[in-house]
Every structure is written in structure tokens, then in C-alpha cells.
Amino acid sequence: MANAIYTFDLLGVAVFAISGALAAAERRMDILTFILFGTITGIGGGTLRDLLLNTDRVFWIHDPSYIWVCIGASVATWFFAHHFDSRRRVLLWADALGLALFCVLGTQKALAWDAPAIVAIGMGMMTASFGSLIRDSLLNRPPVLLGPEIYVTAALLGAASFTLLQQFPETATLALPLSMTAAFALRAGALLFDLRLPKYRAGQE
Amino acid sequence: MANAIYTFDLLGVAVFAISGALAAAERRMDILTFILFGTITGIGGGTLRDLLLNTDRVFWIHDPSYIWVCIGASVATWFFAHHFDSRRRVLLWADALGLALFCVLGTQKALAWDAPAIVAIGMGMMTASFGSLIRDSLLNRPPVLLGPEIYVTAALLGAASFTLLQQFPETATLALPLSMTAAFALRAGALLFDLRLPKYRAGQE
Amino acid sequence: MANAIYTFDLLGVAVFAISGALAAAERRMDILTFILFGTITGIGGGTLRDLLLNTDRVFWIHDPSYIWVCIGASVATWFFAHHFDSRRRVLLWADALGLALFCVLGTQKALAWDAPAIVAIGMGMMTASFGSLIRDSLLNRPPVLLGPEIYVTAALLGAASFTLLQQFPETATLALPLSMTAAFALRAGALLFDLRLPKYRAGQE
């Protein structure tokens, strides 16, 4: 279990780092800025989570492998990004995969630190969305998070379903893959079929 | 005293959450984004304060009531915001009330954690303004904080007057309501009468 | 050594505070906003560093002299900024000096807290750039950090050369001034001769 979490965590950091480096590619930045954006996007959400939980040490200070993964993913993006026809599309899908992994892993870590359920769900949503929020803010782009298609809802689904499933011995072992799949499926559906929640209208009712 | 502080704190979180949800209403977001903006604006300032003071646990992890208040206030805003003629006006007044409550409560908490007076005053100003700063940044609006009318000055007045009044036994019991009233009165005056500090001019003297 | 570090640290805070106040001058803000921007820019990078390292207390809560330096530098800027022909130029040079000081001091503090080398270098780069990043974000300006001339590379040079030099007894005493000079020289060269790293091009190779 611990091994699976670690692997998923590194994978989530890597795909978010790729999405950050792709955002730098859109703006034609230099390679150091690729690494900077990749790293901030990759570890941003987990960093805020660890600060708020007041863990002994932020995860990447404890284990610098995360930094190397970010650097590696960013450099790889510099060399290979031009092979993709639509970098924007790849960015959105990398972001979706990172979202699905991190909303569950963030919730899992908060529960492991004895946070109440509602707090753990909030942590999961935040871990999943904070990195991409900084990435888009730095580039002064409209945040993916506030885009019209379902985004936060997918993180909520992943975080809430994991919180529920891990409580029962029958479902605990499958909680991790099931809730990640649910979150990814909803975000993927939103991207493919343009799913949206109803918007606020002034004279509603 | 502890009870009064807790009540004021929940009230401050609620009015800031309303101002955050109203900002989401201006942009016609969906209900989950209402809750997201309400929650970030409601607890943002206090979260930064607790991180900087290095308290054992950020207040809303310790006591999730704050999260529920944010969710409740945001959902209520979704259903009732259209009853108001000028949502922008309501947002500014909710923000002013939150400002008055939080500049004093932030100072009070920093003093309780043995921060020096100048630091406690800074913490009060920051607790009062950080939530609304994130709210406006996320929406890419000019921050209320940097608006032409007096804003930070009102927070400074509340924080400094509380720091002064709580030092003397004669005034300590009234320090909380008096300094909150002073901060609110100054911000209200600024909104009503368009009070401004003199601006920097290049060839001044 | 400890004395030299403290002096450099106060100096770095002062020059960053001046750059923050100059940014407020460009937008014709009032004096309290000068102080606000000066303080945020002056202590922003070090604050994030201390939060991530989970030090007992953020440095300016422990020693409020830093706050007074920020206030003093901001007020001085309010009164003297109009003597300069090109405030933008002064801002860039104050920022360059702050960058050189903080990339090394941030690395030094992280190493003192037993961070691995790659983490310490990242901390140095972050300490040097975070304050100016918030300053520019708040004013909604394109960040100096993302400007075309070399910036992050200079911070990397300072942080990496300090990490290397402080390991050997022969060079440890000179590590601080040498690496600061290297970082400043590179950033100064970038400003004077418009040095740039190659940008990403879509069809590169």
C-alpha cells in the first residue's frame, strides 16, 4: 500500500510537472523557466497541504526525489513537446491525470494526519488544484480550475468517494484505485463531452 | 471573552465567505465555485496568520465548524444573492465588516502567541486583507485592497488601537468592541464619503 | 560570520523593500500602500523559506527589526524616489542586489537546517525570487522573474556556487562574498548587455 501510494505520488508530480512545462512552452520560455514552472506545478499542491497539516517536513525536503522527478519531466518536455500536435490538449490531459491522483492522495495524507473528514476532503481538492492554479496565475492565463467544464467537482468526487470507501474493511483496499478512476472518468467526460454544472444566473429561481 | 472571540470569529468568516461567493456570482460561476471562493475568502487570512505563527494546527483543521460556516454562507448566497439590487455594494459592506472583525482578532491571536506589538499589528492587517486579496486575484479583478478609498488604514487603526487598549486594565475589557467599531467606522466613512489618503506624485514636495 | 549574515540579510530586506515601494510609486499609491508593498517584497521570500523549512518562528516574528527596516526603507522611498530620473531602472538594480544577497542567504539557511543540497539550492532561488513575484503579481505587471533577460539563472549560479564552495575548508570563508558577487555580476551583465537564454521554439531540433 505504502509503495503504491509512493508510486502514484511520483507519477502525479511528474504529470503535473509536464503540464507546467507545457505551459512554459506555450509562452516560449527558456529551459530554466521550464524547470521552474514544472517544479512549482508538480509540488505546489502537496506543499500547501503539508504546510497546512503542519507535518514535520514538507515532503520534497524530506525526499528530494520529487524535485528530481520535476526537473527530469520538465527537461523531457523541453526536448519532446514539439512532437505533439496540440500541446494545449496534452496539457489538459496531463492535468486531468494529476488531478485524479492528487485529490485522492491529498485526502489520504490528511486522514493519516487525523484531520476530520470534511477537512480531508478539502485538502484533497486543494492538493489537486493548487499547483495548476499557481501555474496559470504566473502565466496570467484564465485558470483551468475556473474553466467552464467540470473540474473541482471531479476532485470532490475523488476525495469524497475515497473518504467513504476507506472507512469500511470490505472496500478499503480498493478505495485508492476506485476513487482515482472515478475522479479521472468524470474529468475526462467533462473534457470529451463538455460537461458543465449550471451557472449562476442573476434572476434565477 | 473566549466566547465573544469565537462568535466574532465565526461571524467574520461568514461575512468574508459571503463576499467571496458574491464575487463568484459576478462572474456567473457554478455552485461549487461559489463554495470554493467563499471558503478561500473566509478562511484565507486566518490560515496565513496561523501558518506564520506556527500554531499547532491551523484553526479550521482543529475545528471544522469554520468550513461548514463557509459552505453554508456560500450556498445561502447562491440562493439569495439575486434579491439584492447591487451585489457589488453588498460585497463591499460584507468585506468592510469582515475587515473590522479580523484586523482585531488577528492582532489578538498574535499577541496571545507572544508576538511583539509591531508584528501583531502586521498580523491583524494581514488577517483582515489576505482573504479578499486572494478572492480578487483569482478573479483577476483590481483588489479592493488597492482601491482608492481607505482600506488598509482602517485595518491599521483597528489593530493598533486594540494593541494599545488591551495593555491597560481599565480599557482591556472594552478593547475588542471599541477597536472593531473604530476600524468599521473608518472603512464605512471611506465607502460613504470616498475618503482617500494622498497619493504619491512624481514631483512632490 | 553570523554578524556578516545578519548585516547582509538586513541589507537584502532593505533593497527589496525599496524595489517594492518603487513599484507602488509607479502606480501612484498612498504611503500605507508603499509600506505594505515594501514589507511584502522585503520579507516575502524569507517568509516562504522559513515556512517550508518549518523553523520554530518565521524570522521577522523572532526579530521585528526586519519589519522596521521595511517600514523605514518604504518611507524613505516615498520621500526620495522623485529624485531619481528613472525609477524603473533603480527598481531593477535594487532587485538585482536583493537577488544576489538572498539566493545565497536562502541557501545558507536551508543548509543550516540540514536540507539536502538540491533542496537548499531551490530554497535559495525561491528566497531570491518570491518577494518580487508577489510584488509584480499584486500590481498585475509582467513579473521581472519572467522577463527576457537572465534572472533565475543568476539566482541558480549564486545558490549552486555557495553550496559547492562552503563544502571545502579552503573556500568556506569566502563562499558567502564570492557566490553573492557571482550572482550579482551575472544579473548585472544580463541587465547591461541584455543576456538571454535561448527560448523554446516549437519546431526546434
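Quick look at the values:
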quantity	calculated
Exercise: per-residue mean of other protein chain Cβ atoms within 10 Å, A:68-80	1
Axis proximity, chain B to A: residue whose C-beta lies nearest, plus whole-Å distance	B:Leu51, 3
Span from the segment B:1-74 Cα centroid across to the segment B:89-119 one, whole angstrom	13
Where labels lie 7 Å past Cα in the beta-carbon direction, separation of C:Ala188 and A:Leu164 in nm	6.4
Per-copy distances of the B:Arg89 label point, shortest first, in nm (7 angstrom along Cα→Cβ)	5.0, 5.0
Mean projection area, nm², convex hull over Cα of segment B:2-193	10.4
Whole-number percent relative contact order across chain A, with pairs defined as alpha carbons under 8 Å at least 6 apart	22
Label geometry 7 Å along the beta-carbon vector: B:Ala117 inter-copy distances in nm	4.9, 4.9
Highest average packing first - C:105-112, A:17-24, Cβ atoms within 10 Å	A:17-24, C:105-112
5 angstrom amide H check on B:Leu197, placed H, neighbours 5+ away	B:Ile150
Label geometry 7 Å along the beta-carbon vector: A:Arg201 inter-copy distances in nm	5.1, 5.1
Span-like helix ranges in chain B, DSSP H, alpha carbon extent 30 angstrom or more, Kyte mean at least 0.0	B:2-26, B:31-53, B:87-112, B:117-138, B:169-193
Value of [θ]222 nm, deg cm²/dmol, for chain A, DSSP H segments ≥ 4, -39500 (n - 2.57) each, nearest 500	-26000 deg cm²/dmol
Ellipsoid semi-axes in whole angstrom, largest first, where each is sqrt(5λ) of the Cα gyration tensor of segment C:1-79	23, 13, 10
A:Arg89 paired with A:Ile5, simple spin-label distance in nm, labels 7 Å along Cα-to-beta-carbon	3.7
Farthest toward positive dipole pole in chain B [+1 Lys/Arg, -1 Asp/Glu at C-beta], among B:Gly106, B:Leu52, B:Ala94	B:Ala94
Enclosed volume per residue, in Å³, of the convex hull spanned by Cα atoms of the protein assembly as shown	162
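Here, each number is a calculation from the coordinates, and none is a lab measurement. Everything numeric in this text was worked out from a predicted model, so none of it was measured. When we count neighbours, we look across all protein chains shown, and the Cβ atoms used for this are built from the backbone with ideal geometry, even at glycine.
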